[in-house]
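The values are calculated or read from the model by the stated rules, or taken from the named source; none is laboratory data. Keep in mind that this is a model prediction, so the values were computed, not measured. For neighbour counting, all protein chains shown are included, and Cβ atoms are generated from backbone atoms with ideal geometry for every residue, glycine included.
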Amino acid sequence: MKVLLVLGLFLILGVLALLGYGRSLPRSHEAEGSALLPLSPSEVRTLLEDLASMPRWRTGLQAVELGPGPGIAWTERTRRGRLDYFLVQAEPGVRVVQVVDPRDQFGGTWTFKWSPEGSGTRLTIREDGYVNSPLFRVVAKHVLGYEHSINIFLQDLGKAGRPFP
């Protein structure tokens, strides 16, 4: 019984230490990832704009529900829940999207920039984000890495394209 009590106390102290460390981490972060995709710039733009087809090529994305206006607002559904998105800026080679978690755990913007490079297109995604939960700050920084979602997106987009000749 004494051993269980000591183990329980260590577990509680460990969680409190993680919470304290998480509170010391900054709420905001920046992350960036880049990939040379086997796609033309117009193909990259089309894949980024064709929201309805994204569940066919994005890992874990189950559905996209379009909001009012074409491509201005949409909701993405995954097994973990939903995220709301708003198009902030769209011009040639640049697309800025605001990400809003309805539970207010995290959010921010993703800035997509693409340009031709060799026989493909260089796509760079920059995240200017925030994480409210101190425990998730620790996970985001040390377990997943701030670039985690960006890297998965870039890999998925590369697979959605055609192979290099």
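Odds and ends about this structure:
- Residue 13, sole failed condition from (1) over 19 Å from residue 112 (Cβ atoms); (2) in contact (Cβ under 8 Å) with a residue 60 or more places away in the chain: (2)
- Top-ranked residue in the stretch 21-44 [being in contact (Cβ under 8 Å) with a residue 40 or more places away in the chain and part of a helix (DSSP H, G or I); ranked as surrounded by the most Cβ atoms within 10 Å (Cβ to Cβ)]: 44
Table: residues versus (1) surrounded by 13 or more Cβ atoms within 10 Å (Cβ to Cβ); (2) under 30 Å from residue 138 (Cα atoms).
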| residue | (1), (2) |
| --- | --- |
| 57 | yes, yes |
| 81 | no, yes |
| 85 | yes, yes |
| 92 | no, no |
| 110 | yes, yes |
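- Test result for residue 99, of a type in the set (Val, Ile, Thr), within 14 Å of the chain's Cα centre (by Cα) and under 30 Å from residue 16 (Cα atoms): yes
- Residues in the stretch 119-163 that are of a type in the set (Val, Ile, Thr) and surrounded by 14 or more Cβ atoms within 10 Å (Cβ to Cβ) were compared, and the one that is modelled with the lowest pLDDT is 139.
- Annotation note: of 24, 28, the sole residue that is among the polar types (S, T, N, Q) and touching a strand residue (DSSP E or B) at 6+ places or on another chain (Cβ under 9 Å) is 28.
- Scanning the stretch 61-99 for residues that are out of contact with any Gly (no Cβ under 9 Å at 6 or more places or on another chain) and assigned to a loop (DSSP other than H, G, I, E, B) yields 61, 62, 67, 68, 69, 70, 71, 72, 92, 93.
- Residues being over 17 Å from the mean Cα position of the chain (by Cα), part of a helix (DSSP H, G or I) and not aliphatic (A, V, I, L, M) - total across the stretch 115-158: 1
- Condition check for residue 114: more than 26 Å from residue 27 (Cβ to Cβ), surrounded by 13 or more Cβ atoms within 10 Å (Cβ to Cβ), touching a Pro at 6+ places or on another chain (Cβ under 8 Å) and not β-branched (Val, Ile, Thr): yes
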